[in-house]
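Heads up: the structure comes next, in structure tokens.
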Amino acid sequence: MSHLNRKISVIALFAVFITLTTNVSSATRDLVKGKDYEQMGPKGTTKPEILEFFNYGCPACYKMESFTNRYKNSHKNTKFTMVPVGFNPSWKIYVKAYYLGSLLKVLDKSHPAMFHLLHVKKKIVKNDKDLKSFFTNLGVESDQYDKANKSFALNSQIRKSKQLSKKYRISGIPAFVANQKYKLDNQSLKTTDMIEHALEKLTQSSP
């Protein structure tokens, strides 16, 4: 998919999620395979698991954070993994930001802080200098940051995120995959109630 088409997909999903966060209905319906979700392979995980593909620079992903946090808190037995993806060049640094937060063991602070910086304070992170300043302001030592930023572990995680994005054919974000098997179609599901319903049903499906 071209950069332009990916950008259009993100913009389209942003429009959908503006609706999701402002017009939430309590109504749910039966899921339709091939419409509400796509089966990505014959096998999945035996235990409930969710992948959420996102990027800090994505307005729709920021809008989705309250739903994501609520779902995590109410489904403690479900493994929930965030997978940052960089559809355009300016977003690649935010993929690094997520994994640096994890490696530096400050993700509980860095994750909400990065969303807040971009979407509330309306500031952007342009380069490694900006990113280092962001983490040192959270209390990370300069040498710790430098070590993590040059680490094999960081490069490995970034590489894995690209592989997962390719594996599940992620073309717009936020995107959810249940049990490494079912990819939700947010535009068909329309509401956060339906997304929650789909995640609950599909994570309980047998592999």
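Quick notes on this one:
- Residue pairs meeting the criteria (Cβ under 6 Å; at least 6 apart or on separate chains; first farther than 23 Å from PRO89 by Cβ and in contact (Cβ under 8 Å) with a residue 24 or more places away in the chain, in region 40-63; second in a strand (DSSP E or B) and among the hydroxyl-bearing types (Ser, Thr, Tyr)): LEU51/THR81
- Pairs where the first residue, in region 74-92, is free of Cβ contacts under 8 Å to residues at least 12 places away in the same chain and the second is of a type outside the set (Lys, Arg) and crowded, with 16+ Cβ neighbours inside 10 Å, C-beta under 8 Å, 6+ apart: LYS92/GLY86
- Taking the criterion of being surrounded by 12 or more Cβ atoms within 10 Å (Cβ to Cβ), assigned to a loop (DSSP other than H, G, I, E, B) and of a type in the set (Lys, Arg), the residues of region 133-190 that qualify are LYS181, LYS190.
- In region 137-153, the residues that are touching a residue at least 12 places away in the same chain (Cβ under 8 Å) form Cβ pairs under 8 Å with partners that are loosely packed, with under 15 Cβ neighbours inside 10 Å and assigned to a helix (DSSP H, G or I), at six or more places apart or across chains, as follows: TYR145/THR136; ASN149/ASP128.
- Single residue of region 5-49 satisfying the filter (modelled with pLDDT under 50 and of a type in the set (Ser, Thr, Tyr)) that is farthest from LYS76 (Cα to Cα): SER9
Results for (1) out of contact with any Cys (no Cβ under 6 Å at 6 or more places or on another chain); (2) of a type in the set (Phe, Trp, Tyr); (3) under 19 Å from GLU200 (Cα atoms); (4) modelled with pLDDT of 95 or more, shown as yes or no for each residue.
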{"site": "LEU51", "(1), (2), (3), (4)": "yes, no, yes, yes"}
{"site": "CYS58", "(1), (2), (3), (4)": "yes, no, no, yes"}
{"site": "CYS61", "(1), (2), (3), (4)": "yes, no, no, yes"}
{"site": "GLU65", "(1), (2), (3), (4)": "yes, no, yes, yes"}
{"site": "TYR71", "(1), (2), (3), (4)": "yes, yes, yes, yes"}
{"site": "PHE80", "(1), (2), (3), (4)": "yes, yes, yes, yes"}
{"site": "VAL85", "(1), (2), (3), (4)": "yes, no, no, yes"}
{"site": "ASN88", "(1), (2), (3), (4)": "yes, no, no, no"}
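The values are calculated or read from the model by the stated rules, or taken from the named source; none is laboratory data. This structure is a prediction, so every number in the text was calculated from the model and none was measured. For neighbour counting, all protein chains shown are included, and Cβ atoms are generated from backbone atoms with ideal geometry for every residue, glycine included.
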